[in-house]
1. Let me spell it out: the conditions are (1) within 32 Å of the chain's Cα centre (by Cα); (2) assigned to a helix (DSSP H, G or I); (3) of a type in the set (D, E, K, R), and residue 184 meets all of them except one. Which number is the exception?
2. Which residue, of 70, 52, is outside any helix (DSSP H, G or I) and surrounded by 13 or more Cβ atoms within 10 Å (Cβ to Cβ)?
3. Can residue 176 be described as surrounded by 12 or more Cβ atoms within 10 Å (Cβ to Cβ), out of contact with any helix residue (DSSP H, G or I) (no Cβ under 7 Å at 6 or more places or on another chain) and either in a helix (DSSP H, G or I) or among the acidic types (Asp, Glu) (or both)?
4. Quick one: in the range 116-166, which of the residues that are part of a helix (DSSP H, G or I) and among the β-branched types (Val, Ile, Thr) is modelled with the lowest pLDDT?
5. Take residue 47 and tell me if it is surrounded by 10 or more Cβ atoms within 10 Å (Cβ to Cβ) and under 20 Å from residue 113 (Cβ atoms).
6. Let me spell it out: the conditions are (1) modelled with pLDDT under 95; (2) surrounded by fewer than 11 Cβ atoms within 10 Å (Cβ to Cβ); (3) part of a helix (DSSP H, G or I), and residue 169 meets all of them except one. Which number is the exception?
7. Just to be sure before I move on: is residue 47 part of a helix (DSSP H, G or I), more than 15 Å from residue 31 (Cβ to Cβ), more than 22 Å from the chain's Cα centre (by Cα) and not hydrophobic (A, V, I, L, M, F, W, C) in the structure I sent?
8. Mind checking whether some residue in the range 8-25 is at pLDDT 50 or above and either of a type outside the set (Lys, Arg) or more than 18 Å from residue 106 (Cβ to Cβ) (or both)?
Amino acid sequence: MRSTLLLTAIPAIAFICTTATSAQDPAQAAHARATQVLRLLQLHSVQKDLELVADQVDDLVKLDVTRRQLISRLSRINDFEFDERKRVYTAFQQDLTRLEQQATAILLPHQLKRLNQIVFQEMVEAGEPHCGLTHFRAVEHLGLVEPQLQVVRAKALEAESKFKKRVDELMAELAKAKQEARAEVLSTLTPEQRKKYDELVGEPVKLREE
């Protein structure tokens, strides 16, 4: 259980502050939201949370087929010259945004409100420890202004440092516990068997890049 929690926490480090603070132009922001919304609406857990009926799910599935077709066409973008690539990608962004608008139009008002909460929740999880407070939606909704935002950013950086340090400590603890557990199991072997085991395994190698 502990190792599962650790493995869940580690990816968060890589995403700290990226979603909440990244500067995007309107087209990029719309594209990012469209991608997120269309992906979330295909998740059974989200559909269940929104209490979608069968007809709504069927309509969303049809839109997802279209989305996959758009992505398939985009995969051939390298066949074009630079200017054409830019045009194709811009068209893809616009088509995806239209799909998102069609998808959200399928939802009832209370379902759309809940979806927006889920969208923001996901951004908060990815943007810890800012808690999404520097995202433009939170800034507008909460009426946050400077210098309060400066305090939030400073506190987030401090919390991030503490978080990383704690994760490093937990990872070291996990590695030690793993070695101790392996040692207990290997202690059941005879000296000759242990020698053969070491020959079978060989010198340790890092299979994952740091």
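The values are calculated or read from the model by the stated rules, or taken from the named source; none is laboratory data. Given the structure is predicted, the values throughout are model-derived calculations rather than measurements. A quick note on method: Cβ atoms are made from the backbone with ideal geometry, for glycine too, and the neighbour counts reach across all protein chains shown.
1. (1)
2. Every option except 52 fails the conditions.
3. no
4. Of everything passing the filter in the range 116-166, 124 is modelled with the lowest pLDDT.
5. Yes: the conditions hold for residue 47.
6. Status for residue 169: all satisfied but (1).
7. Considered against the rule, which asks whether it is part of a helix (DSSP H, G or I), more than 15 Å from residue 31 (Cβ to Cβ), more than 22 Å from the chain's Cα centre (by Cα) and not hydrophobic (A, V, I, L, M, F, W, C), residue 47 comes out as no.
8. yes
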